[in-house]
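Novice: A single structure is presented below for examination.
The values are calculated or read from the model by the stated rules, or taken from the named source; none is laboratory data. These numbers come from a predicted model, not from an experiment. No Cβ is skipped: glycine too gets one built from the backbone with ideal geometry, and neighbour counts run over all protein chains shown. Ligands, DNA and RNA are excluded from the accessible area calculation, which covers all protein heavy atoms including side chains. Shrake-Rupley method; radii C 1.70, N 1.55, O 1.52, S 1.80 Å.
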Amino acid sequence: MPTLTPLIDAFGRVHTNLRVSVTDRCNIRCFYCMPAENVQFKPRHELLTFEEIECVVRVAAHLGVNKLRLTGGEPLVRHGLPVLVRKLASIPGIADIALTTNGVLLAEQAQQLKDAGLHRLNISLDSLDPETFFRISRREGLDRVLAGIAAAKRVGFEKIKLNAVAIRGLTEPDIVPLSRFAREQGLEMRFIEFMPLDAEGNWDNEQVLSGEQIRAVLEAEFGQLVAAERDDPSQPATDYHFADGGGSIGFINPVTQPFCASCNRLRLTAEGQIRNCLFSTEEWDAREILREGGSDAELAELFRASVGAKRAGHGINSDEFLRPERAMYQIGG
Ligand code: SAM
Ligand code: SF4
């Protein structure tokens, strides 16, 4: 298949970035993402096989997609993930493959992932305090996450990012310890605003601890942060450096400072639906094409249809905002 016209939407945004969810399952139960109990996971046969994911990504690469992020659910609970990484890394045009993980199973898999060709890692960690970790994730596991971070460094991953969802009234005491830890460990700390994608539908604007509020807490502790140059405008984080040069902090502020105008991301859910936005209420069915003997050209048209329907922004702050039916773990964060 030759390189095709790029995926440009009605607002001129060129889509080069695909987030691939490999499972809706997870080994912990963060309250901002999953229900506490009785989660209805998709049966195995509904999930795309590695070969099917590879096929979709190959078509996406012909349409100009060059960056992938594997996510979920928890991607490391999908058996044999390094095999998928290796397949995707060999697709011409794919220049960068990243993984977002809660880190619980990372110590066991870091070396294989590195060997398979994974380029970058984001590890989610909201608190270094075992009690807060448990309140958020409703499971034990902090020690394993810390072991996962150590293993990732040991096997040679560079520029590892640590992602923390910030919750007002809960994680204010974690801002400084997490940032200090990241600085000491040579990791890039990033704080993410809580979005209305929790499975239990409890999200409330009052729980959003904004990036600006976090920055104020950090500046009170570490002194003024220095804005970093923005070399990739589609990058969702606004980055700062500590004034002494020791590390950087990023803020992902989808609620208080939406970055939709520069969004270049598409998503593929674990069961093979293309989404043009986390908050999309519509999906485009790639699995049906794959399983009914459809062609690469049909998959390419599906991508185009999805991109063509992309709205200007998510509209979280507007009166017309509709929460998507699916929660974060079902979409792929
Ligand atoms: N299980 C992996 C993990 O937690 O890193 C990957 C999937 S998770 C859905 C991807 C990212 O989305 C994580 O950093 C998580 O903290 C974040 N996330 C989940 N629900 C969120 C929400 N309601 N608002 C903001 N970020 C959220
Ligand atoms: Fe699992 Fe990640 Fe969702 Fe937490 S945010 S429940 S680790 S999928």
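Novice: For the range 131-268, which whole percent of the accessible surface, found with a 1.4 angstrom probe, sits on carbon and sulfur atoms?
Specialist: Of all accessible area on the range 131-268, carbon and sulfur atoms account for 48 percent.
Novice: Tell me, what is the FRET efficiency for Asn38 and Glu131 to the nearest 0.05, using R0 = 22 angstrom and their Cβ-Cβ distance as r?
Specialist: Once rounded, the FRET efficiency stands at 0.35.
Novice: Rounded to the nearest 10 Å², what accessible area does Cys263 show when all protein chains are kept and the probe is 1.4 Å?
Specialist: Probe radius 1.4 Å; accessible area of Cys263 about 20 Å².
Novice: Thr171: accessible area at probe 1.4 Å, nearest 10 Å²?
Specialist: 10
Novice: Further question on the same structure: Could you sort Glu52, Glu282 by their accessible area in this structure, using a 1.4 Å probe and putting the largest first?
Specialist: Working: Glu52 30, Glu282 100 Å².
So, going from the largest accessible area down, we get Glu282, Glu52.
Novice: Same structure, new question: Can you give the extra length, in nm with one decimal, that the chain gains between Ala150 and Arg291 once fully stretched, where that is 0.36 nm per residue apart less the Cα-Cα distance?
Specialist: Values: separation 141, 0.36 × 141 = 50.76 nm, distance 4.09 nm.
Taking Ala150 through Arg291 to full extension adds about 46.7 nm, to one decimal.
Novice: What is the extension gain from Ser318 to Asp231, computed as 0.36 nm multiplied by their sequence separation minus the C-alpha to C-alpha distance, in nm to one decimal?
Specialist: Gain on stretching Ser318 to Asp231: 28.3 nm.
Novice: Show that you can apply the helix-only estimate: for the chain, add -39,500 (n - 2.57) for every DSSP H stretch of four or more residues, divide by all residues, and state [θ] at 222 nm to the nearest 500. Spell out each step's value before the answer.
Specialist: Working: 10 runs with 100 residues, N = 333.
Roughly -9000 deg cm²/dmol at 222 nm, from the helical runs in the chain.
Novice: Follow-up question, since we're still on this one. Any idea of the accessible area per residue across the chain, 1.4 Å probe, to the nearest Å²? Display every interim value, and only then the final one.
Specialist: Working: 14400 Å² over 333 residues.
Here the per-residue accessible area is 43 Å².
Novice: Also, I was wondering about something else. Quick one: if you stick a label point 7 Å off each Cα along the C-beta vector at Arg138 and Ala89, how many nm between them?
Specialist: 3.6
Novice: Between Ala10 and Ala216, 0.36 nm times their residue separation minus their Cα-Cα distance comes to what?
Specialist: 70.4 nm
Novice: Quick one: of the DSSP bridges fully inside the range 7-331, what percent are antiparallel, nearest 5?
Specialist: In the range 7-331, DSSP labels about 30 percent of beta bridges as antiparallel.
Novice: How much net charge surrounds Phe321 when only the other residues with a Cβ under 14 Å from the Cβ of Phe321 are counted, with Lys and Arg +1 and Asp and Glu -1? List each step's numbers first, then the result.
Specialist: Values: positive: Arg311, Arg323; negative: Asp204, Asp319, Glu320, Glu325.
Summing Lys and Arg as +1 and Asp and Glu as -1 gives -2.
Novice: Another question, if that's okay. Any idea how far the Cα center of the range 255-272 sits from the one of the range 19-72, in Å?
Specialist: 15
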